[in-house]
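Student: Here you go, one structure.
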């Protein structure tokens with residue numbers, strides 16, 4: 001139980017940086033496509049330095065969580081650095097569009113979180129606490145969560161999601 005709690009603490013700190021990590025994985029290939037490799041290299045160096053500094057400042061107080069939090073914050077900082085460099089390199093891009101998309105994703109994430117949190121008590125009671133019940137709960141929540149998240153993005157007309165859905169239906173719909 002102790003190890004599980006410590007792992008959960010570290011994962012919570014890692015979760016803080018999921019956005020930054022995922023965004024860096026998307027934005028770095030843009031620089032390579034533009035044949036501009038120096039900014040990702042500079043960003044990586046800044047991540048290293050920030051990571052060490054944050055660990056040194058927080059390890060005494062946060063312990064093992066400092067390691068997870070430091071990489072999360074450093075990667076998020078790397079994203080903001082790379083986004084600023086890309087903005088400058090391209091001569092700008094639509095910040096309003098990005099913020100609107102971020103708002104839609106945040107709304108869908110909130111709906112997903114509420115969907116997963118609200119019924120958990122009665123679902124556990126219904127499905128049981130054994131291994132089979134836990135597996136059924138996991139499958140049910142993942143499957144329904146995907147549907148809820150997708151439905152909210154579709155309802156909000158997130159352009160990229162609607163395009164992806166249309167391509168999916170063109171390929172996989174009966175009679176396609």
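The values are calculated or read from the model by the stated rules, or taken from the named source; none is laboratory data. Worth saying up front: this structure is predicted, and the values here are computed from it rather than measured. Cβ: placed from backbone, ideal geometry, glycine included. Neighbour counts: every protein chain shown.
Listed here are the residues, each with its yes/no results for (1) more than 30 Å from residue 33 (Cβ to Cβ); (2) modelled with pLDDT of 90 or more; (3) over 24 Å from the mean Cα position of the chain (by Cα).
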residue: 100; (1), (2), (3): no, yes, no
residue: 104; (1), (2), (3): no, yes, no
residue: 111; (1), (2), (3): yes, yes, no
residue: 114; (1), (2), (3): yes, yes, no
residue: 117; (1), (2), (3): yes, no, no
residue: 132; (1), (2), (3): yes, no, yes
residue: 137; (1), (2), (3): yes, no, no
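Student: Can you spot a residue in region 90-104 that is within 30 Å of residue 154 (Cβ to Cβ) and surrounded by 18 or more Cβ atoms within 10 Å (Cβ to Cβ)?
Tutor: yes
Student: Further question on the same structure: Is it fair to say residue 31 is part of a helix (DSSP H, G or I), loosely packed, with under 12 Cβ neighbours inside 10 Å and modelled with pLDDT of 95 or more?
Tutor: Working: part of a helix (DSSP H, G or I): yes; loosely packed, with under 12 Cβ neighbours inside 10 Å: no; modelled with pLDDT of 95 or more: yes.
Taking the combined requirement at face value, the residue does not satisfy it.
Student: Moving on. Given the options 121, 143, 175, 133, name the one that is more than 27 Å from residue 18 (Cβ to Cβ) and exposed (fewer than 15 other Cβ atoms within 10 Å of the Cβ).
Tutor: Matching residue, one of 121, 143, 175, 133: 175.
Student: Yes or no: region 86-94 includes at least one residue that is within 20 Å of the chain's Cα centre (by Cα) and either modelled with pLDDT under 95 or outside any helix (DSSP H, G or I) (or both).
Tutor: Within region 86-94, not a single residue is within 20 Å of the chain's Cα centre (by Cα) and either modelled with pLDDT under 95 or outside any helix (DSSP H, G or I) (or both).
Student: Scanning region 63-85 for residues that are touching a residue at least 12 places away in the same chain (Cβ under 8 Å) and more than 21 Å from the chain's Cα centre (by Cα), which turns out farthest from residue 34 (Cα to Cα)?
Tutor: Among residues in region 63-85 that are touching a residue at least 12 places away in the same chain (Cβ under 8 Å) and more than 21 Å from the chain's Cα centre (by Cα), the one farthest from residue 34 (Cα to Cα) is 64.
Student: Right, here's the next one. Tally the residues that are under 14 Å from residue 106 (Cα atoms) and part of a helix (DSSP H, G or I), restricting the search to region 124-160.
Tutor: Filtering region 124-160 for residues under 14 Å from residue 106 (Cα atoms) gives 148-158.
Pick out the ones that are also part of a helix (DSSP H, G or I) and you get 148-155.
Total meeting the criteria: 8.
Student: Yes or no: region 2-10 includes at least one residue that is over 19 Å from residue 105 (Cα atoms) and in a loop (DSSP other than H, G, I, E, B).
Tutor: Within region 2-10 (the criterion being over 19 Å from residue 105 (Cα atoms) and in a loop (DSSP other than H, G, I, E, B)), the answer is no, since none of the residues qualifies.
Student: Follow-up. State whether the residues of region 35-54 include one that is without any contact (Cβ under 8 Å) to a residue 24 or more places away in the chain, assigned to a helix (DSSP H, G or I) and surrounded by 15 or more Cβ atoms within 10 Å (Cβ to Cβ).
Tutor: Checked against the condition, which is being without any contact (Cβ under 8 Å) to a residue 24 or more places away in the chain, assigned to a helix (DSSP H, G or I) and surrounded by 15 or more Cβ atoms within 10 Å (Cβ to Cβ), region 35-54 yields at least one hit.
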